[in-house]
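*Asks:* The structure that follows is given in the form of structure tokens.
The values are calculated or read from the model by the stated rules, or taken from the named source; none is laboratory data. The structure displayed is predicted, hence computed values, not measured ones. Note that we place each Cβ from the backbone using ideal geometry, even for glycine, and neighbour counts take in every protein chain shown. When the accessible area is computed, the model is the full protein with side chains, heavy atoms only, and any ligands, DNA or RNA have been set aside. Shrake-Rupley method; radii C 1.70, N 1.55, O 1.52, S 1.80 Å.
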Amino acid sequence: MNKGLPKWADIILIPLLSLTLAFLVSGLIVMFIGENPIEAVKVMLVGEFGDSGAFGRFGIGYTLYYTTSFIFTGLAVAVAFHARMFNIGGEGQAGMGGVGVATVLLSVAWPHWTIAIVAASLGAMAFGAAWAAIPAYLQAKRGSHIVITTIMFNWIGSALIVYLLVGPMQAPGMVPETVGFSAGSSIPTLHEIFPAFDKHAPANVSLFLALFAAVGVWVLIWKTRLGYEIRAFGHSEKAAIYAGIKPVKIIMVAMLVSGALAGMMAVNTVQGEAERLILDTVQGAGFVGIAVALMGRSHPVGVVLAAFLFGVLYQGGSELQYIGIPREMVVVIQALVIMFVGSLENMVRIPVERAFVLFNKGAA
Amino acid sequence: MSVETQKQRQPETAAPVAPAIELIGVSKSFGPVQANKDIDMTVAKGAIHGIVGENGAGKSTLMSILYGFYKADAGEIKIDGVTIEITDSHAAIAAGIGMVHQHFMLVKPFTVLENVIMGAEGGPLLRPSLNKARKILAELAVEYELDVDPDAIVGELSVGFQQRVEILKALYREADILILDEPTGVLTPAEADHLFRILQNLKEQGKTIVLITHKLREIMAVTDTVSVMRRGQMTATVKTSETSASELADLMVGRHVTLEVEKNPPNVGETVLEVKNLCKTDGQGVKKLKDISLQLKAGEILGVAGVAGNGQSDLLEILSGINSATSGEVLMRGESIDLTHKASAAMRRERGIGHVPEDRHALGLVMPFQTWENAVLGYHNNPEFSGKFGLADHKAMMEDAKRKIEKFDIRPTNPHLLAMNYSGGNQQKIVIAREIENNPDVLLVGQPTRGVDIGAIEFIHKQIVALRDQGKAVLLISVELEEVLALSDRIIVMFDGVIQGERMPKETNEQELGMLMAGIDPEASA
């Protein structure tokens, strides 16, 4: 794995180099379509007028909003990765998390947001976990491949939500959405806590829940006996069985935690932003979670940093259209980042390893 | 190697026949690891040349260079006196070098003929080369005692025959030099004897053979000359007739080692583990265990001999709770243990059954785990390692690991090192330390010294004997007959899922056990 490579090079240098390469190639593509890459970077970071880019006065609120979602879905994929489960179902689990949030928040007129957010979180986790439970059970007991089943459950989930929003849960009228949540369940935006944030930005207190979840995942994976079993199973199923660890239990637990984390995203989007259940609340965040987990090397710190990077790309990228770069360009940049950081990692790793060997030889 | 010494050697090597293989100053490193340092080796034409050395000594790397899998960083290779560049295995084949790998490179659903011509089809249509191969194979069969049914499906042949197919593949490609890498690892003693007869025939026909093995007995039996490798260097090349197994062992390890296991007579107590009529049928309907019954007593080492794949592994897996049994009963101190799929290895450990698995890489260790984590694998839920709220007590685990590292002389001593970074011997010491230190009443041991260097073998054997001297029961499964004979107080031989016979080590020998391993009962046939 890391032959003679110091840890810092493994977890910081290599991703950084991969990222630089991805951005260089992105810059070349921007040049190719006749735009100025430096200008594009400026627009992405601070916006055309200095406020709407990823770090602009207004834009940062969106960047952090996206970051929150990506932390949840990234952690979800990361936890499953530790058990060597590839959970592609973040999209569906987060969508069902939204149904959970809506069900809980519409059931009672919640007196205060602090109670409402706890209840909504429980609802989100329960529904997200339940949606992951079926593929997990099929994998654990029947050997149905989790990648296939979770992808299929994304579609089933999406269809189910459409059905709910044009049927049982639909508000009076023609729009496929539920009635708005009661005022008591509205959670504070970051603006309400730190007035420096723009009041229209959707970032909200669930960001802190996301960071808390990251700490929770770290404790679970590296500090508990269950985490030990999950990692042992993930590295070697045979060794885990030899150690008396039950594969069915690990697959189920890892996938339930994964689904619950993905579901938690709905607290940010459904409770925090939409304040009612609407169609398509996930918007690809479930898939971005895969890239985030890959880039963050399934470590909570890495996931948080990678989620922030993708938050920047999402918000900054949407600004590009205002200077004539098509919106699709940001998808290209994201794809390049995923490609360089995820699948082409060895392209960077092997030369770096060689360089270190040469350097060490020279020193010795 | 300086030019000087090469020149000095010239008069010898420039004799009438050039040596078949001559390596001059061959070096190869992988990153910071120097696998081969400045290797010089000369193999005379028509000789059987052995190469011995511990795991990681660089034998396989050297042969991989000769066969074109790796390119040497420096050095020269001469075949029949001519310097050649071996860039890939095609070049090696063209130079007349054939290789029989430890793990056979055969397509199992193909017939023998199809395997033999693979990569040498010689045209778009198969028929002409198949016919040609059939003719050549018939000739080779007569010439070298290498008869194999050309139309047999390779997967249905026994391992000994599969190996012959590998040799035939090399001969079909007109190899004059044959490299065999650990060829007897999977053979019965009788099959191994047949192999050695084939090698002698090949030698008589002028072929040159390089035999890589860690079994010194075989080196002594068949080779003309032998080279010893240690830590990437060629430390000695001697005539086999002028050396002994113990001298070679010392040369391999670099210090004096004892090959014999010193132990006192056993102090056998009452039966601890009793197996009654155990049967196992696998998913494909193959009967792996047929009505196995045995008793394991306190204070004894019961050795299970047999060629790999005759049910020993299944027995081990069932007893250790990894796999379920089809029928039968197992009693631990008179109480029956769960043999269904609901059982787990954790339940066995609670009952006092420890397990050193046959495959430490896949089962015994989690390779990307650090030593302190591996040192509690399977015991991680023990009260002494458990904190509150499901947390693990890392401090206790770390102290425990440090203690095991010291007591079992595990090197390097850093408890944060990953298991994959240890040598085979030290990996096995981690497993042995973990299982013995948990003080089991019964220890199941599978292939305790497979891929372990000689120095560590000595140590591991001593630990097993010490456990038995404490009055614990040990079930030892090993395909190394020497090991079974040296360690066991009682030996059973398994063949095709049944216990073929039971012998006392003092009253038997390798020949008799070898016949039992091949399914022949010497007493019945006598």
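*Asks:* So which residues in the range A:311-332 are of a type in the set (Val, Ile, Thr) and assigned to a helix (DSSP H, G or I), if there are any at all?
*Replies:* Once the filter is applied, which keeps residues that are of a type in the set (Val, Ile, Thr) and assigned to a helix (DSSP H, G or I), the range A:311-332 yields A:VAL312, A:ILE323, A:VAL330, A:VAL331, A:VAL332.
*Asks:* Turning to a different aspect of this structure: Only one residue in A:ALA116, A:ALA124, A:ALA171 is aliphatic (A, V, I, L, M), in contact (Cβ under 8 Å) with a residue 60 or more places away in the chain and part of a loop (DSSP other than H, G, I, E, B). Which one?
*Replies:* A:ALA171
*Asks:* Considering the range A:236-269 alone, what residues qualify as being part of a helix (DSSP H, G or I), surrounded by 24 or more Cβ atoms within 10 Å (Cβ to Cβ), free of Cβ contacts under 8 Å to residues at least 60 places away in the same chain and of a type in the set (A, V, I, L, M, F, W, C)?
*Replies:* Hits for the range A:236-269 are A:ALA239, A:ALA240.
*Asks:* If you take the residues of the range B:270-290 that are charged (D, E, K, R) and open to solvent by less than 60 Å² (accessible area, probe 1.4 Å), which of them is nearest to B:LEU331 (Cα to Cα)?
*Replies:* In this case the residue turns out to be B:GLU274.
*Asks:* Just one of (1) free of Cβ contacts under 8 Å to residues at least 60 places away in the same chain; (2) surrounded by fewer than 22 Cβ atoms within 10 Å (Cβ to Cβ); (3) assigned to a loop (DSSP other than H, G, I, E, B) trips up B:ARG255, so point out which.
*Replies:* (1)
*Asks:* Right, something else. Please specify each residue of the range A:9-35 satisfying the condition of being part of a helix (DSSP H, G or I) and of a type in the set (Asp, Glu).
*Replies:* A:ASP10
*Asks:* Go through the range A:217-231 and report how many residues are more than 12 Å from chain B (Cβ to nearest Cβ) and open to solvent by 40 Å² or more (accessible area, probe 1.4 Å).
*Replies:* 1
*Asks:* Could you please tell me which pairs satisfy a Cβ distance under 7 Å, a separation of 6+ or placement on different chains, a first residue in the range A:5-28 that is without any contact (Cβ under 8 Å) to a residue 40 or more places away in the chain, and a second residue that is of a type outside the set (Gly, Ala, Ser)?
*Replies:* A:ASP10/A:ASN2; A:GLY27/A:PRO37
*Asks:* Let me ask something else about it. Determine whether A:LEU207 is more than 14 Å from chain B (Cβ to nearest Cβ) and open to solvent by 40 Å² or more (accessible area, probe 1.4 Å).
*Replies:* Considered against the rule, which asks whether it is more than 14 Å from chain B (Cβ to nearest Cβ) and open to solvent by 40 Å² or more (accessible area, probe 1.4 Å), A:LEU207 comes out as no.
*Asks:* Any residue in the range B:457-473 that is among the acidic types (Asp, Glu) sitting within a Cβ distance under 8 Å of a residue that is modelled with pLDDT of 95 or more? List the pairs, counting only those 6 or more apart or interchain.
*Replies:* Pairs found: B:ASP469/B:GLY299.
*Asks:* Before we move on, is A:GLY34 at positive phi and either of a type in the set (Ser, Thr, Tyr) or more than 14 Å from chain B (Cβ to nearest Cβ) (or both)?
*Replies:* yes
*Asks:* Moving to a separate point now. Restricting the range A:187-202 to residues that are buried (at least 18 other Cβ atoms within 10 Å of the Cβ) and assigned to a loop (DSSP other than H, G, I, E, B), which is nearest to the chain's Cα centre (by Cα)?
*Replies:* Out of the qualifying residues, it is A:PRO202.
*Asks:* Being modelled with pLDDT under 90, more than 19 Å from the chain's Cα centre (by Cα) and surrounded by 18 or more Cβ atoms within 10 Å (Cβ to Cβ) narrows it down to one of A:GLU319, A:GLU328, so name that one.
*Replies:* Step by step, each of A:GLU319, A:GLU328 is checked, and only A:GLU319 is modelled with pLDDT under 90, more than 19 Å from the chain's Cα centre (by Cα) and surrounded by 18 or more Cβ atoms within 10 Å (Cβ to Cβ).
*Asks:* Could you figure out which of (1) part of a strand (DSSP E or B); (2) open to solvent by 50 Å² or more (accessible area, probe 1.4 Å); (3) aliphatic (A, V, I, L, M) isn't true of B:ILE520?
*Replies:* Going through (1) part of a strand (DSSP E or B); (2) open to solvent by 50 Å² or more (accessible area, probe 1.4 Å); (3) aliphatic (A, V, I, L, M) one by one, B:ILE520 breaks only (1).
*Asks:* Okay, moving on. So is B:LEU331 open to solvent by less than 30 Å² (accessible area, probe 1.4 Å), within 12 Å of chain A (Cβ to nearest Cβ), modelled with pLDDT of 95 or more and not in a helix (DSSP H, G or I) or not?
*Replies:* no
*Asks:* Another question, then. Between a first residue in the range B:262-280 that is acidic (Asp, Glu) and a second residue that is open to solvent by 80 Å² or more (accessible area, probe 1.4 Å) and modelled with pLDDT of 95 or more, which pairs have beta carbons less than 8 Å apart while being 6 or more apart in sequence or on different chains?
*Replies:* Final answer for the pair search is none.
*Asks:* Kindly indicate whether any position in the range B:291-298 is surrounded by fewer than 21 Cβ atoms within 10 Å (Cβ to Cβ) and among the β-branched types (Val, Ile, Thr).
*Replies:* no
*Asks:* Shifting gears a bit: Quick one: A:THR68 ticks every box in (1) open to solvent by 80 Å² or more (accessible area, probe 1.4 Å); (2) more than 14 Å from chain B (Cβ to nearest Cβ); (3) not aliphatic (A, V, I, L, M) bar one, so which box is it?
*Replies:* Only one criterion is unmet by A:THR68, namely (1).
*Asks:* Can you pull out every residue in the range A:89-113 that is touching a residue at least 24 places away in the same chain (Cβ under 8 Å), closer than 20 Å to A:ILE161 by Cβ and open to solvent by 20 Å² or more (accessible area, probe 1.4 Å)?
*Replies:* Residues satisfying the conditions are A:GLU91, A:THR103, A:LEU106.
*Asks:* Would you pick out the residues in the range B:340-374 that are under 30 Å from the mean Cα position of the chain (by Cα), more than 10 Å from chain A (Cβ to nearest Cβ) and closer than 26 Å to B:ALA298 by Cα?
*Replies:* Selection gives B:GLY352, B:ILE353, B:GLY354, B:VAL356, B:GLU358.
*Asks:* When you go through (1) within 30 Å of A:THR178 (Cα to Cα); (2) assigned to a helix (DSSP H, G or I); (3) open to solvent by 20 Å² or more (accessible area, probe 1.4 Å) one by one for A:VAL301, which number turns out not to apply?
*Replies:* Checking A:VAL301 against (1) within 30 Å of A:THR178 (Cα to Cα); (2) assigned to a helix (DSSP H, G or I); (3) open to solvent by 20 Å² or more (accessible area, probe 1.4 Å), the one that fails is (1).
*Asks:* Looking at A:ALA240, A:ALA274, which is the one that is modelled with pLDDT of 95 or more and either away from chain B (no Cβ under 11 Å) or closer than 30 Å to B:ILE353 by Cα (or both)?
*Replies:* Just a single option satisfies the conditions, and that option is A:ALA240.
*Asks:* Looking at the range B:41-54, which of its residues are open to solvent by 30 Å² or more (accessible area, probe 1.4 Å) and either touching a Ser or Thr at 6+ places or on another chain (Cβ under 7 Å) or among the basic types (Lys, Arg) (or both)?
*Replies:* Scanning the range B:41-54 gives B:THR42, B:LYS45.
*Asks:* Now a separate question. With respect to A:VAL348, determine if the residue is part of a helix (DSSP H, G or I), modelled with pLDDT of 90 or more and touching a Leu at 6+ places or on another chain (Cβ under 7 Å).
*Replies:* In short, no.
*Asks:* Among B:GLN427, B:GLN470, which is surrounded by fewer than 22 Cβ atoms within 10 Å (Cβ to Cβ), more than 22 Å from B:LEU251 (Cβ to Cβ) and of a type outside the set (Asp, Glu)?
*Replies:* Every option except B:GLN470 fails the conditions.
*Asks:* Ok, one more. Tell me which helices (runs of 4 or more DSSP H) are completely within the range B:107-204 and hold 2 or more residues being open to solvent by 70 Å² or more (accessible area, probe 1.4 Å), more than 24 Å from B:VAL43 (Cα to Cα) and among the basic types (Lys, Arg), or say none if there are none.
*Replies:* So the answer is B:126-144.
*Asks:* So which of A:GLY184, A:GLY157 is over 26 Å from A:GLN315 (Cα atoms), away from chain B (no Cβ under 14 Å), in a helix (DSSP H, G or I) and in contact with a His (Cβ under 9 Å, 6 or more places away or on another chain)?
*Replies:* A:GLY184
*Asks:* Same structure, new question: Among the listed residues B:GLY123, B:GLY185, which satisfies the condition of being out of contact with any strand residue (DSSP E or B) (no Cβ under 6 Å at 6 or more places or on another chain) and in contact (Cβ under 8 Å) with a residue 12 or more places away in the chain?
*Replies:* B:GLY185
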